[in-house]
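The values are calculated or read from the model by the stated rules, or taken from the named source; none is laboratory data. Keep in mind that this is a model prediction, so the values were computed, not measured. Virtual Cβ from ideal backbone geometry, glycine too; neighbours counted across all protein chains shown.
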Ligand code: UDX
């Protein structure tokens, strides 16, 4: 099939590349000429494991092309995906100006029937707004479809190629048939393409992310309780996760959820609820608990150092909002860094992928190390923020040599408590017993 993808951010690029992989001709459009030039040369603008191979293969085989000209992409396309940003506006609601602006531009160009798909996370009712923009600007028949993405950064290729489900919101049989044809190759193992109306589809995306954010937040609160009553959250997690109704995944407590989706989507759903005079109180609690959770490690540190962090030197392992990405949007590490800097502490950070991004934000207010052990040189403590695999089994003898004191604050519960007893560390993690030296 002939596909256009408007917007080559994270979602657009993964969508375009993965759609080309099953034989479709995909043209990606972006207004950023420099980015388009780079992509034409095979340079991939984001870090996403496994995407580079598919990206290059499909460029070489000429199924994946790039342009700055909307016209080149949309004229021949049967299906046009809009993967445009929907940033939170000043009041927390999603800003639809990119989506509606692109709709108007597309409407003025097209000459025959198109399926126009909103892939971006958009509030309920957006399909109607997009449809209205098309109706005002073209007489050509257009079906507007909602098709939210459920891609996790770091495993986005797998999530796209083998989705748990595909959600398609449309009231048109013609669009439904085209979408079923397009997604058929991705659901061969029997996972469903769930067709529904546009509004339910739009709400499904917010409900999924808000539910997951709530699940994590619930576990963070259980972890906080565990610390107060002397229980071990790892045990509680296993104890409840084995119940199929609860499920084992997304039960890991930590330093709060971050990233480009959960914080924005929870906020946007709460805002949508306000607009229809519904008091979605769980979401409000989720947001406020998550804010607090982001600095739980700093509170632990203040307690340990009797409120005096000034002049102390701390290593931070992990800056990205989660492993396998260089993305630092809403990353808890940024909040932790700011809180530590406010206490006049010194910071040396290490992250396998995200250091350049943090450098751009924080400049020389913190130092960066070339490897995890270099970061530990003469530090008063190690603070673990992101659970990159390489932090899971470090060389504790080498760590001990580098560090001034054997103190670890672990926001991701990476280490076995008994092991830390054996190694003689002070080890303070989330929702578990503190190992004292
Ligand atoms: C999420 C959704 O999973 C995805 O379906 C949606 O399309 C986009 O948003 P992503 O933002 O890539 O994906 O990250 P995800 O892996 O879901 O993690 C989100 C945040 O929750 C991270 O900050 C992560 O550290 C945190 N998290 C996740 C926990 O704290 N504990 C967990 O058990 C799981």
State the number of residues belonging to the range 200-217 that are more than 18 Å from the chain's Cα centre (by Cα) and surrounded by fewer than 17 Cβ atoms within 10 Å (Cβ to Cβ).
1
Looking only at residues that are within 25 Å of residue 76 (Cβ to Cβ) and within 16 Å of the ligand (Cβ to nearest atom) in the range 119-145, which one is nearest to the chain's Cα centre (by Cα)?
120
Neighbours by Cβ (under 9 Å, 6+ apart or cross-chain): first from the range 148-176, within 15 Å of residue 206 (Cα to Cα) and touching a residue at least 40 places away in the same chain (Cβ under 8 Å); second more than 16 Å from the ligand (Cβ to nearest atom) and part of a helix (DSSP H, G or I)
169/127; 169/198; 169/199; 169/200
Residue 405 touching a strand residue (DSSP E or B) at 6+ places or on another chain (Cβ under 7 Å), over 30 Å from residue 250 (Cβ atoms) and either touching a residue at least 40 places away in the same chain (Cβ under 8 Å) or not in a helix (DSSP H, G or I) (or both)
yes
Just wondering, is there one or more residues in the range 175-189 that are loosely packed, with under 14 Cβ neighbours inside 10 Å and within 30 Å of residue 320 (Cα to Cα)?
no
Can you find, within the range 355-397, the residue that is nearest to the ligand (Cβ to nearest atom) among those that are farther than 18 Å from residue 424 by Cα, in contact with a helix residue (DSSP H, G or I) (Cβ under 8 Å, 6 or more places away or on another chain) and part of a loop (DSSP other than H, G, I, E, B)?
386
Across the range 255-284, which residue is farthest from residue 322 (Cα to Cα) among those that are more than 16 Å from the ligand (Cβ to nearest atom), in contact with a helix residue (DSSP H, G or I) (Cβ under 9 Å, 6 or more places away or on another chain) and in contact (Cβ under 8 Å) with a residue 12 or more places away in the chain?
272
Among residues belonging to the range 89-112 that are without any contact (Cβ under 8 Å) to a residue 40 or more places away in the chain and in a loop (DSSP other than H, G, I, E, B), point out the one that is farthest from the ligand (Cβ to nearest atom).
111
Residue in the range 227-243 that is surrounded by the most Cβ atoms within 10 Å (Cβ to Cβ), counting only those that are away from the ligand (no atom under 15 Å from the Cβ) and in a helix (DSSP H, G or I)
227
Selection within the range 244-254 - on the phi > 0 side of the Ramachandran plot and more than 10 Å from the ligand (Cβ to nearest atom):
247
Filtering the range 329-365 down to residues that are in contact (Cβ under 8 Å) with a residue 40 or more places away in the chain and crowded, with 20+ Cβ neighbours inside 10 Å, which residue is nearest to residue 309 (Cα to Cα)?
340
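Residue by residue, here is whether (1) within 25 Å of residue 402 (Cβ to Cβ); (2) part of a loop (DSSP other than H, G, I, E, B); (3) away from the ligand (no atom under 16 Å from the Cβ); (4) touching a strand residue (DSSP E or B) at 6+ places or on another chain (Cβ under 7 Å) holds:
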{"position": "303", "(1), (2), (3), (4)": "yes, no, yes, no"}
{"position": "308", "(1), (2), (3), (4)": "yes, yes, yes, no"}
{"position": "316", "(1), (2), (3), (4)": "yes, no, no, yes"}
{"position": "319", "(1), (2), (3), (4)": "yes, yes, no, yes"}
{"position": "325", "(1), (2), (3), (4)": "no, yes, no, no"}
{"position": "330", "(1), (2), (3), (4)": "no, yes, no, no"}
{"position": "337", "(1), (2), (3), (4)": "yes, no, no, yes"}
{"position": "340", "(1), (2), (3), (4)": "yes, no, yes, yes"}
{"position": "347", "(1), (2), (3), (4)": "yes, no, yes, yes"}
Conditions (1) touching a helix residue (DSSP H, G or I) at 6+ places or on another chain (Cβ under 9 Å); (2) modelled with pLDDT of 95 or more; (3) within 30 Å of residue 53 (Cα to Cα); number of the one not met by residue 220
(3)
Meets criteria (outside any loop (DSSP other than H, G, I, E, B), free of Cβ contacts under 8 Å to residues at least 60 places away in the same chain, under 23 Å from residue 181 (Cα atoms) and touching a strand residue (DSSP E or B) at 6+ places or on another chain (Cβ under 6 Å)) for residue 130:
no
Might you check whether a residue that is closer than 30 Å to residue 414 by Cβ, in contact with a helix residue (DSSP H, G or I) (Cβ under 9 Å, 6 or more places away or on another chain) and not in a helix (DSSP H, G or I) occurs anywhere in the range 183-197?
no
